[in-house]
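Just below is one structure, and these are the notes that go with it.
Just so it is clear, none of the values below were taken in a lab; they were calculated from the coordinates. Just so it is clear, the structure is predicted and the values come from calculations on it, not from any experiment. Note that each Cβ is placed from the backbone with ideal geometry, even for glycine, and that neighbours are counted across all protein chains shown.
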Amino acid sequence: MRRVLLTLCALAICTTAFAWGRLGHEIAIAVAQRHLTERAKANIAKYIDYDLKKDAVWMDEHRRDEPIAYTTHYHVFACDKNLRYDPNYRLAEGGDVVYALALSEYNLGSENYKNLTDSAAIFNIRMLIHFMGDMHCPVHTHIEGVKTIWKCKLNGKEWVKFHPIYDKIPMMIYGKKADPDAVAAKIDNIKKSEIKRVVKGDIVDWACDAAAVSAEIYKINPIGAYDLDPKTIEKSQPIVERQLRNAGYRLAAKLNEYFDN
């Protein structure tokens, strides 16, 4: 019985930490695919010869597999009260999402992927496409002094934790059966000059920007609020769409940088 309880607890912990769910990650990847160069697509296809969206949540599904259990800590990152990236917060636990993206950059960038085994290249691509999405999920930004695990109620439904609301919010906005490509086409609606601004800078710059956008959710619902704004989903939609869109643009920028050669 004790083993069963422990297993259920582990599953609960695992489930609540899945940023965006499958749909959100697929939308971010779908946005990215709209901006990949043909050469990058061809080089990526040498390793993953199917739609990248199929691997959208591979890192979630396998995060507790013994060979890659170290990646469990990679799904979030921390920032201070000024929304500046804090690399020390999770250092003792083995890293964070910024570290994961930097690791994939080291392994894939400057044509380094050509020196990897096929399986290593595939693993790093999977890290990149997943963790770029995670970095933009509002509740996966750990702002100093903010805990996203308080009990709350939204439109009559009680949530054990605030956190999973935003893990599941793409599905709440677009519906369980939404077509990620259709959603991507809808939200991929800003000018090229603005896209250039979004992808300017490095991974740390992107983390700081993602943190600033993520913090907007606490203007909708104050930290610790039990009765959430009944229009939380509606009011969150612009934030969610901006984060998914930006994740897609930045993912495309990195994939093109690594594989357009």
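Here is how the numbers come out for the structure above:
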{"item": "Residue order, fewest to most beta carbons within 10 Å, for W150, W159", "result": "W150, W159"}
{"item": "Summed side-chain charge close to S119 - residues other than S119 whose Cβ falls under 15 Å, Lys, Arg +1, Asp, Glu -1", "result": "-1"}
{"item": "Footprinting exposure proxy for C137, C79 (fewest neighbouring C-beta atoms within 10 Å first)", "result": "C79, C137"}
{"item": "DSSP-defined beta bridges in the range 2-259 - what % are antiparallel, rounded to 5", "result": "50 percent"}
{"item": "Computed lengthening from E234 to E66, 0.36 nm per intervening residue step minus Cα-Cα distance", "result": "56.5 nm"}
{"item": "Separation in nanometres of the label points that stand 7 Å from Cα toward Cβ, at A178 and R22", "result": "1.5 nm"}
{"item": "Assigned charges on the beta-carbon of Lys, Arg, Asp, Glu; the range 2-259 dipole about Cα centre (debye)", "result": "560 debye"}
{"item": "The range 165-217 and the range 19-55: distance between their alpha carbon centers, rounded to Å", "result": "15 Å"}
{"item": "Cβ-based charge dipole, the range 2-259, positive-most Cα from W159, A211, A19", "result": "W159"}
{"item": "Net charge over other residues, Cβ less than 9 angstrom from the Cβ of H75 (K, R count +1; D, E count -1)", "result": "-2"}
{"item": "Highest average packing first - 210-219, 189-198, 121-130, Cβ atoms within 10 Å", "result": "121-130, 210-219, 189-198"}
{"item": "Ranked by how many other beta carbons lie within 10 Å on average, peptides 231-237, 48-54, 98-104 from highest", "result": "98-104, 231-237, 48-54"}
{"item": "Highest-first arrangement of 242-253, 23-34, 109-120, where packing means the average Cβ count within 10 Å", "result": "23-34, 242-253, 109-120"}
